[in-house]
Amino acid sequence: MTRREQLRREFEGIKYRNVFKKYVNDLFQKQDGDCFYCRKAMYEVLDGYTEPPIPEIPRMYYRYVVPNYTYDHKMPLARNGTNDFENIVLACAPCNSRKGVKTCDEYLAELSNPFY
Ligand SMILES: [Zn+2]
């Protein structure tokens, strides 16, 4: 591989990562900082911070709040899901591991089943 080719590939990689980062940030806002499935908050408030909340600013944007989410494939890769952005949502770690290879709809049905 030529140096030029190598630089081009590096550039493509950085470009992809930046686009992905932006997509994930937008998604985090769109989901209001909550898990796509169970709707629990996917951020932790650091200990010792007692700043009073400001009503017009959602808590997830405070500097003492640390996002805590995982990427989940709505259609699992194991079931021919893709790595396309549209197939990715942000989920809490317990949901991600509980969902396993279920599809988005299967898992949502399971969550809403009171007998589960
Ligand atoms: Zn969850």
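Bear in mind these aren't lab numbers, they're just calculated from the coordinates by the rules spelled out. Please read these numbers as outputs of a predicted model, since none were measured by experiment. Cβ sites come from the backbone with ideal geometry, for glycine too, and all protein chains shown count toward neighbours.
Observations on the model:
- Dipole magnitude of segment 1-53, debye to nearest 20 (Cβ charges: Lys/Arg +1, Asp/Glu -1, about Cα centre): 560
- Amide H within-cut-off set for Ile88, under 5 Å, with H built and near neighbours excluded: Lys74
- Net charge contributed by nearby residues that have their C-beta within less than 12 Å of Tyr23 (K/R +1, D/E -1): +1
- Around the amide H of Met42, modelled in the peptide plane, lie the amide H atoms of Asp34, Cys35, all under 5 Å away and 5 or more residues distant in sequence or on another chain.
- Residue exposure sequence - Phe20, Phe11, Phe28, Phe36 - by fewest surrounding Cβ within 10 Å: Phe11, Phe20, Phe28, Phe36
- With contacts taken as Cα pairs under 8 Å and at least 6 residues apart, the chain reaches a relative contact order of 23 percent.
- A Cβ-based charge dipole, computed about the Cα centre of segment 3-112 with Lys and Arg at +1 and Asp and Glu at -1, lands at about 520 debye.
- Least to most buried among Val89, Val45 (fewest other Cβ within 10 Å first): Val45, Val89
- Hydrodynamic radius of segment 3-112 per Kirkwood, over alpha carbon pairs, in Å: 15.9
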